[in-house]
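The structure appears below as structure tokens.
The values are calculated or read from the model by the stated rules, or taken from the named source; none is laboratory data. Bear in mind that the values here come from a model prediction, so they are computed numbers and not experimental data. No Cβ is skipped: glycine too gets one built from the backbone with ideal geometry, and neighbour counts run over all protein chains shown.
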Amino acid sequence: MAEWKWQSAPGVVARENDETYHCDLLVVGGGMGGVAAALAASTQGATVILTEPTLWLGGQMTSQGVSALDEHQHIESFGGTRSYYRLREGIRQFYKEKHRLTAPAAANPHLNPGNGWVSRLCFEPRAALAVLAEMLRPHLEAGRLQVFYGTVPIAVHRRGRRVEHVTFRQRLTAAQAEAAKSGRLATPGPAQEKGVRAADPSVPSWLLSAEEAAAAGYRSVEFTVVPKMVIDASELGDLLPLAGLPYVTGAESKEETGEPHAKEKAHPDWVQSFTYTFAVEYRPGEDHRLPKPEGYEERRDRQPYTFRLWYGEQVGWQTYRMFEKSPSGWPLPFWTYRRLIDRANFVPDPEFPNDIAMINWPGNDFRDGNLIDQSPEQQREVHRQAKLLSLGFLYWLQTEAPRDDGGQGYPELRLRPDVMGSEDGLSQFPYIRESRRIRALKTIVEQEISAAFQPGPRAAHYTDTAGIGFYPIDIHPGGGETDPATATTRPFEIPLGALIPEEVDNFLAGAKNIGTTHITNGAYRLHPVEWNIGETAGLLAAYCLETGYRPADIRNTPGLLRRFQGLLVGAGIPLYWFVDIPPGHPAFVALHRLAALGVIPGDPEVDIAARELAFHPDEPVELATFDSWLARARRLFPELGLDDLAREALARELFPQGRLYPELLPEELDRPLTRAELAERLYRALLPSLESVELSDSAG
């Protein structure tokens, strides 16, 4: 990265009540999706206001503490957007430039600072904050982007199918305001601990009453934003009820979604559990036990706090150890599951004398309530109970967890509030797995992504594909739901229609609030997918601002959709699962646009790319494959006039001597055409016709 000018992206402090700000795009929520949306739209030249309730941008990888990225086995080479890879590489560079790594760690292109075994990239949240600040820096310095920390929406004015303006409350202490303006790390002030015992969780600042906030030293200011477009990228879909938009919560019924594993009856309160994560350092020979949290024994027995987990009928019960593998070799140690810092990666460093691990485990998943559609008083109590649950789990680890060497408890575990940037040592915001979900133009259902219903190498293809993702359906039960649910998926796409609500024209979903179900949300909620969702939403908002079209127009008009998909691939967003065609590949644009159109891959009988995730770009093309691609183009786009004569003419263009492979070696080559070369030629030959169709499609 550059000179690491800031620790965190600088923010704006609202000056006085009733001030009004104008912008092209308002992004509510500075999590993974919100930051990606703001970055994408700013890159297109839009003016953007980004609001965030906590003091850190980054959502699940920073303020929510899950800085061990939940990704997939292909991620080091494929499966994220270009900007997501820039984020990942920046985090690695942060440690290479700011710390003394061992020679093997410094030479490792896939450096994992924590060497956690559940993730290929584990790190401290502050590393991501610095990288995000550098990624946003050109737009902040140019004045295109403004960030408001400590800010929550309190009212939405909607007129018909448009959101006119949004009213916010910003609440910061003087120290937080100064830190935010200067780009230094801001942390919650002592107000949140005022008058409570060390083990008693504090109340989030946005839930304090006006009197409590004032007494604790917070300055509260209300202001209005008048945007042309709005993206709700908040963790819980905060704008949906304020704007009066229809939305879904919890588990839908089988009748509503048609999903085989949906519940017979809808349960709106069965929202996935959320988690207050925390970081601990292992300090041998020391005692860092907390005071016993309120209600500890009851939570210990009911949760329960345990290293023994149920993995379904095929695997059964598995018991973890703290630092050692199971005698069978699996499961691997609890400690290294989401370890953020492996001291073995670093030359002896006073900053990292010991390992640091982040704890996100069934033991601190809060299942006994949720934060959606609750009164402020109810939310305060849910936060309090969830924090007590997490502190109780830490107390259990310190006092009762079975030791690898016999005995009970690891008092050597020291809570690290500085890692989470909080006074109580817990994440600034709970790790949210499920949000309110918009009633979208397209709702993604189980059958479209589950391996049980998709026999091929990929999930269902959407003609409006706007990105990709891959993660199992992973449901952490909450409410009355009792058992965790997991299901294997195929690598899937993100349909554009899932980001577009039915009842409003200048509003998009940009995070976990897209058109999924309770089931499919379990696969679309993870770091790289949420980033892709937000980035696509930001580009769509900018495209609407540039062209004057509504999001639904772009999604529903073939020509406009094709143009927008061209913008997406130009920005480095994959539209299809070709694991050997990442954003940097020379044929990336051609292959992903052809795949989005449905021209490639060809029929499974003749095209290897239809039978596996790889495209095999450098292998010689076969005539049967070419025929299959052309037949698909003719069938899918009859308006292009790809009749037999056109096929022959196109073949002559693709194979200059007029003879088809394998007989032909084109005169400019001394070898057969490769699959990528032929696909690129086909793309170039089709593009003028497609552009012509686009113009006629989009007229008026």
Every residue from the range 613-633 that is farther than 22 Å from A466 by Cβ, buried (at least 16 other Cβ atoms within 10 Å of the Cβ) and modelled with pLDDT of 95 or more: A614, H616, P617
Flag for K5 being touching a helix residue (DSSP H, G or I) at 6+ places or on another chain (Cβ under 9 Å) and part of a loop (DSSP other than H, G, I, E, B): yes
Test for S422: is it within 21 Å of L290 (Cα to Cα), among the polar types (S, T, N, Q) and at pLDDT below 95: yes
Every residue from the range 44-80 that is in contact with a Leu (Cβ under 9 Å, 6 or more places away or on another chain), surrounded by 24 or more Cβ atoms within 10 Å (Cβ to Cβ) and among the hydroxyl-bearing types (S, T, Y): T51, T62, S63, S67
Residue match in the range 498-506 (condition: more than 25 Å from T62 (Cα to Cα) and under 17 Å from the mean Cα position of the chain (by Cα)): yes
Evaluation of F148 against (1) under 22 Å from V66 (Cβ atoms); (2) in contact with an Asp or Glu (Cβ under 9 Å, 6 or more places away or on another chain) (one fails), failing number: (1)
Sole exception among (1) more than 27 Å from L239 (Cβ to Cβ); (2) among the small types (G, A, S); (3) crowded, with 16+ Cβ neighbours inside 10 Å for A106, by number: (3)
Helices (runs of 4 or more DSSP H) (entirely within the range 96-182) containing at least 2 residues that are of a type in the set (G, A, S) and in contact with a helix residue (DSSP H, G or I) (Cβ under 7 Å, 6 or more places away or on another chain): 103-107, 125-142
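Condition check ((1) in contact (Cβ under 8 Å) with a residue 12 or more places away in the chain; (2) closer than 19 Å to L239 by Cα; (3) assigned to a strand (DSSP E or B)) across all residues:
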site: R433; (1), (2), (3): yes, yes, no
site: G478; (1), (2), (3): yes, no, no
site: L508; (1), (2), (3): yes, yes, yes
site: K512; (1), (2), (3): yes, yes, no
site: H518; (1), (2), (3): yes, no, no
Only one of R338, R308, R300 that is at pLDDT 90 or above, under 21 Å from T275 (Cα atoms) and out of contact with any strand residue (DSSP E or B) (no Cβ under 9 Å at 6 or more places or on another chain): R300
Hits in the range 256-297 (condition: under 24 Å from V66 (Cα atoms) and either without any contact (Cβ under 8 Å) to a residue 12 or more places away in the chain or in contact with a Lys or Arg (Cβ under 7 Å, 6 or more places away or on another chain) (or both)): Q272, S273, F274, Y276, A279, V280, E281, R283, H288
Enumeration of residues in the range 599-612 that are modelled with pLDDT under 95 and under 28 Å from the mean Cα position of the chain (by Cα): none
Enumeration of residues in the range 225-234 that are in a strand (DSSP E or B) and either within 24 Å of the chain's Cα centre (by Cα) or crowded, with 17+ Cβ neighbours inside 10 Å (or both): V225, P227, K228, M229, V230, I231, D232
Failed item, numbered, when R458 is tested on (1) among the basic types (K, R); (2) under 17 Å from the mean Cα position of the chain (by Cα); (3) within 23 Å of A609 (Cβ to Cβ): (2)
Matching entry among V271, V280, V221 (being closer than 25 Å to G392 by Cα, part of a strand (DSSP E or B), modelled with pLDDT of 95 or more and not acidic (D, E)): V280
Evaluation of T482 against (1) assigned by TED's automatic domain parsing to the domain that holds N521; (2) surrounded by fewer than 23 Cβ atoms within 10 Å (Cβ to Cβ); (3) in contact with a Pro (Cβ under 6 Å, 6 or more places away or on another chain) (one fails), failing number: (3)
Test result for V203, more than 21 Å from V35 (Cβ to Cβ), over 21 Å from the mean Cα position of the chain (by Cα) and assigned by TED's automatic domain parsing to the domain that holds Q176: no
Wholly enclosed helices (runs of 4 or more DSSP H) of the range 525-608 bearing at least 3 residues within 27 Å of L132 (Cβ to Cβ) and not assigned by TED's automatic domain parsing to the domain that holds F626: 527-547, 558-570
Tally, over the range 346-370, of residues that are over 27 Å from the mean Cα position of the chain (by Cα) and not charged (D, E, K, R): 7
The range 419-436: number of residues that are more than 15 Å from K387 (Cβ to Cβ) and aliphatic (A, V, I, L, M): 1
Any pair with Cβ under 9 angstrom, 6 or more apart, that starts in the range 575-596 at a residue that is modelled with pLDDT of 95 or more and ends at one that is polar (S, T, N, Q) and surrounded by fewer than 20 Cβ atoms within 10 Å (Cβ to Cβ): V579/S77; D580/S77; P582/S77; A596/T463
Near pairs, Cβ below 9 angstrom, 6+ apart or cross-chain, from the range 86-104 (at negative phi) to any residue that is assigned to a strand (DSSP E or B): Y95/L101; Y95/F346; H99/F346; R100/F346; L101/F346; T102/F346
Counted residues, the range 15-65 - those being within 19 Å of the chain's Cα centre (by Cα), in a strand (DSSP E or B) and not aliphatic (A, V, I, L, M): 1
V12 of a type in the set (A, V, I, L, M), touching a residue at least 12 places away in the same chain (Cβ under 8 Å), surrounded by fewer than 24 Cβ atoms within 10 Å (Cβ to Cβ) and outside any helix (DSSP H, G or I): yes
Subset of the range 89-146 (residues that are among the aromatic types (F, W, Y) and under 19 Å from D418 (Cβ atoms)): F94, Y95, F123
Given (1) surrounded by 12 or more Cβ atoms within 10 Å (Cβ to Cβ); (2) at pLDDT below 90, index of the condition E313 fails: (1)
